[in-house]
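Data first, discussion second: the structure below is written as structure tokens.
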Amino acid sequence: MTRYLARRLLGAIPLVLGVATILFFIVNLAPGDPALVYARPGMDAATMEQIRANFGLDRPIHVRYGRWLASLARGDLGYSFARNRPVTELIAEILPNTLILAGVAFGIAFLVGIVLGVIQAVRQYSALDSILSVLALFFYSMPSFWLALMMILVFSLFARNVWEWPIWFPASGMTSIDYEFLGGWERLADRARHLFLPAMSLALVLSAGIARYMRASMLEVIRQDYIRTARAKGLPARSVVFKHALRNALIPVATLLGLYLPFLFSGTVFIETVFSWPGMGKLVVDAINQRDYPVVLGGSLIFATMVVVGNLLADILYAVIDPRVRYD
Amino acid sequence: MTETRRGRLLAGVLPGVPQLLEGRWGAGLFALVAWALGLWTLLVRWERVSGLPYESPGEWVALAALVAAILGPWLWSVRGGRLRAAERGDGQWALTLRAFGRNRLALAGMVAIGLFYMVAVLTPFLAPYDPVHQGDLASQRFLGPSAAHPLGTDQFARDVLSRLLYGARVSLSIGFIAVGISVTLGTLIGAVAGYLGGRTDSVIMRFVDMVIAFPRLVLLITVIALFEPSIFLIVAVLGLTQWPYVSRIVRGEVLSLREREFVQAARALGYSRRRVILRHIVPNAMAPVIVAATLGIGNTIVLEAGLSFLGLGIQPPDPSWGSMVENGRDVLLRAWWISTFPGLAIVLTVLSFNLVGDGLRDALDPRQAGRR
């Protein structure tokens, strides 16, 4: 087990390094001169050359790559043009916001997905199963940014302005304007209210996929002999489903944890943009619009690293919960 | 005899109906609806059909499609409407086709996709207005759905339905082309990696792992943001970032195919590696690829819409579903229809592709045989 862990950890390092390399070359081989950001009218060619030299842009690409890797190893991701701050500092400040959103959404998605999948599998071929299947496929086919807009339309705009429901949810930001003046519990409630729509938009699309997977996995398990034995010896249906079947059906779902991470982060890019959630996705999208390449590069790198680390954790989790996995 | 003659007579008036009565409602429904749509276009939109300048290739394609939509189903139905491969034989594809034909949801998805593509091709005749023409801003913008503008108008007084129809051409063709690129590349690379094994395999597969570890959207927006967004760049990038997923599937298949007798026989006959891979391995590894490709088209359409939504895809004023959703974003309360309908179009299209993909998977999976 220890050896397996060590090998997986060692395997993840070249993966991150490779991703960083690809990113570096995409950014550096792209047309356009980053030094032009500092160009001013009336600047002569010699000054431009000096600016390039100051940033090391006059060196050949392999030298730049080496220096970039060295600074990366020190945790230095460069300096944001648009915000005039080190990228590392910026990301450290903003990353928790994304992790909250993504974590809550992931939690809801797996909870809803697993429950729906189990219900469908237990009632296979019933009307409920068909309805839930089509519904799951419907949400599965939905672009998350459109679902987010529709959620805003119904639960924020229409609920508040047209139908005048007693409960509506805010459509943007993490906190209300008067957040500073609220008491402890009210602050928590305010944050939860702001989190609700973005997390639900993200979770619903993911949970549809999880429900489809869970249904198949549960059906596979329910057909097995030991389930029939459990039923035959007269155990109540509830205990067969939850104690015997569910535990084993959950094992393959654990692999989804890793598989869905890229989708989750892709989702946060849209959801954060739609809901003005100050997270990594919005940071990267804003940086692209401002041509702030160090932030684009750093942000993408962090996203990729999170996916690699997440996959690693999912694999380890899988090895821990399924003793049949061999570690060699 | 009388039975067939009556069938032919009926087919002459309403193509597809005899097939529907036979219980083959997938093919029958498609023939009927395609024919009806073609005829409706010809009769109701006659002024457009005869009045177009026929200068761009799109207009000629539309005309050809119109003729095909009216004559094709009719001829097919009158001549008995058989899909030969499905009737006879017990080869893999015949079995698959028959299994697929029993899955009503998948057939519905297939019919829907066929219709979406027909509508997209016939758009020059169907769209009531010019998609980029701006009407009178004072009186024509933010009009709700009505008889004149079935899906309303946007903030530039453009007709949402017309934009939706023209946007369909972009979304539907991008999905197809990008997946075509990725499937071709992915199949070849995966087959080579799996068949050759050894160092080639591990180098290719490490690279594949790397690309898959990347959140694809982030890679896409990085690349597109650095270069100028254009339709060619988007198609290329969407196609070139998806092949690793296909490669992984193909490689898995090839690893087991490699040891099978027919491949060993081919090798023993002294065929070149190239011939063994292309003629013996690849055709037998195609089943899961077709499923992945079908689901991939849906995925790609969503991704393209997402990129356009972020302003990195199709550039205004050209319509695309993603940028239309983005257009309505700031005026949701005032004009909900601008964002809602293009999004619904995406969902329905992707849903259809997913239904077909699921159906194909069930039909192609031998373990599923006999269930349902």
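The values are calculated or read from the model by the stated rules, or taken from the named source; none is laboratory data. From a predicted model like this one, the values you see are computed outputs, not experimental measurements. A quick note on method: Cβ atoms are made from the backbone with ideal geometry, for glycine too, and the neighbour counts reach across all protein chains shown.
Which residues, taken from region B:16-66, are more than 19 Å from residue B:130 (Cβ to Cβ) and in a loop (DSSP other than H, G, I, E, B)?
Passing the criteria: B:16, B:22, B:23, B:24.
Out of the residues in region A:258-273 meeting the condition of being of a type in the set (Phe, Trp, Tyr) and in a helix (DSSP H, G or I), tell me which one is farthest from the other protein chains (Cβ to nearest Cβ). Steps first, please.
The initial filter retains those residues of region A:258-273 that are of a type in the set (Phe, Trp, Tyr), namely A:260, A:263, A:265, A:270.
Checking which are in a helix (DSSP H, G or I) leaves us with A:263, A:265, A:270.
Numbers: A:263: 8, A:265: 4, A:270: 6 Å.
So the residue we want is A:263.
Test residue A:255 against the criterion of being touching a residue at least 12 places away in the same chain (Cβ under 8 Å), within 10 Å of chain B (Cβ to nearest Cβ), over 24 Å from residue A:150 (Cβ atoms) and surrounded by fewer than 18 Cβ atoms within 10 Å (Cβ to Cβ), and give yes or no. If you could, list the steps in order and put the result at the bottom.
On the way: touching a residue at least 12 places away in the same chain (Cβ under 8 Å): yes; within 10 Å of chain B (Cβ to nearest Cβ): no; over 24 Å from residue A:150 (Cβ atoms): yes; surrounded by fewer than 18 Cβ atoms within 10 Å (Cβ to Cβ): yes.
When the stated conditions are applied, residue A:255 does not pass them.
Tell me which residues, restricted to region A:274-307, are in a helix (DSSP H, G or I), under 21 Å from residue B:323 (Cα atoms), within 10 Å of another protein chain (Cβ to nearest Cβ) and touching a residue at least 12 places away in the same chain (Cβ under 8 Å).
Looking only at region A:274-307, we keep the residues that are in a helix (DSSP H, G or I), and these are A:274-275, A:280-289, A:293-307.
Now narrow it down to the ones that are under 21 Å from residue B:323 (Cα atoms): A:274-275, A:281-289.
Now restrict to residues that are within 10 Å of another protein chain (Cβ to nearest Cβ): A:274, A:281, A:284-285, A:287-289.
Hits for region A:274-307 are A:274, A:281, A:284, A:285, A:287.
Before we move on, is residue A:248 within 10 Å of another protein chain (Cβ to nearest Cβ), surrounded by fewer than 19 Cβ atoms within 10 Å (Cβ to Cβ), more than 15 Å from the chain's Cα centre (by Cα) and of a type outside the set (D, E, K, R)?
Values: within 10 Å of another protein chain (Cβ to nearest Cβ): no; surrounded by fewer than 19 Cβ atoms within 10 Å (Cβ to Cβ): yes; more than 15 Å from the chain's Cα centre (by Cα): yes; of a type outside the set (D, E, K, R): yes.
No.
Hey, could you check region A:12-35 for residues that are at pLDDT below 80 and within 14 Å of chain B (Cβ to nearest Cβ) and say which is surrounded by the fewest Cβ atoms within 10 Å (Cβ to Cβ)? Spell out how you get there, then give the answer.
Step one: list which residues in region A:12-35 are at pLDDT below 80, which gives A:27-35.
After this cut, where a residue has to be within 14 Å of chain B (Cβ to nearest Cβ) as well, the list is A:27-34.
On the way: A:27: 20, A:28: 16, A:29: 10, A:30: 14, A:31: 7, A:32: 13, A:33: 11, A:34: 17.
Checked region A:12-35; the qualifying residue surrounded by the fewest Cβ atoms within 10 Å (Cβ to Cβ) is A:31.
Quick one: which of B:296, B:322, B:359, B:311 is in a helix (DSSP H, G or I), within 11 Å of chain A (Cβ to nearest Cβ) and small (Gly, Ala, Ser)? Outline the logic, then answer.
Details: B:296 fails: within 11 Å of chain A (Cβ to nearest Cβ); B:359 fails: within 11 Å of chain A (Cβ to nearest Cβ); B:311 fails: in a helix (DSSP H, G or I).
B:322 is the lone residue from the list that is in a helix (DSSP H, G or I), within 11 Å of chain A (Cβ to nearest Cβ) and small (Gly, Ala, Ser).
Look at residue B:259 and say whether it is away from chain A (no Cβ under 14 Å), within 29 Å of the chain's Cα centre (by Cα) and of a type in the set (Asp, Glu).
Values: away from chain A (no Cβ under 14 Å): yes; within 29 Å of the chain's Cα centre (by Cα): no; of a type in the set (Asp, Glu): yes.
No.
Take the residues in region B:18-35 that are aliphatic (A, V, I, L, M) and in contact (Cβ under 8 Å) with a residue 40 or more places away in the chain, then tell me which one is surrounded by the most Cβ atoms within 10 Å (Cβ to Cβ). Reasoning before the result, please.
Keep residues of region B:18-35 that are aliphatic (A, V, I, L, M), which gives B:20-21, B:27, B:29, B:31-34.
Going one step further and asking which of them are in contact (Cβ under 8 Å) with a residue 40 or more places away in the chain, we end up with B:27, B:29, B:31-34.
Values: B:27: 23, B:29: 20, B:31: 28, B:32: 20, B:33: 18, B:34: 24.
Selected residue: B:31.
Looking at residue A:118 and the list (1) outside any helix (DSSP H, G or I); (2) out of contact with any Phe, Trp or Tyr (no Cβ under 7 Å at 6 or more places or on another chain); (3) over 27 Å from residue B:348 (Cβ atoms), which single condition is not satisfied?
If we test residue A:118 against (1) outside any helix (DSSP H, G or I); (2) out of contact with any Phe, Trp or Tyr (no Cβ under 7 Å at 6 or more places or on another chain); (3) over 27 Å from residue B:348 (Cβ atoms), just (1) comes out false.
Please give the number of the condition residue A:131 fails out of (1) of a type outside the set (Phe, Trp, Tyr); (2) within 14 Å of another protein chain (Cβ to nearest Cβ); (3) surrounded by fewer than 16 Cβ atoms within 10 Å (Cβ to Cβ); (4) not in a helix (DSSP H, G or I).
(4) is the only condition that residue A:131 fails.
Given A:64, A:7, A:59, which one is part of a loop (DSSP other than H, G, I, E, B), of a type outside the set (A, V, I, L, M, F, W, C) and surrounded by 11 or more Cβ atoms within 10 Å (Cβ to Cβ)?
On the way: A:64 fails: part of a loop (DSSP other than H, G, I, E, B); A:7 fails: part of a loop (DSSP other than H, G, I, E, B).
Matching residue, one of A:64, A:7, A:59: A:59.
If a residue counts only when it is under 30 Å from residue B:264 (Cβ atoms), which helices (runs of 4 or more DSSP H) contained entirely in region B:160-236 have at least 2 such residues?
Numbers: elements: B:160-196, B:198-213, B:216-226.
Passing ranges, in order: B:160-196, B:198-213.
Run residue B:283 past the list (1) within 18 Å of residue B:132 (Cα to Cα); (2) without any contact (Cβ under 8 Å) to a residue 60 or more places away in the chain; (3) more than 10 Å from every other protein chain (Cβ to nearest Cβ); (4) part of a helix (DSSP H, G or I) and report the number of the one that doesn't hold.
(1)
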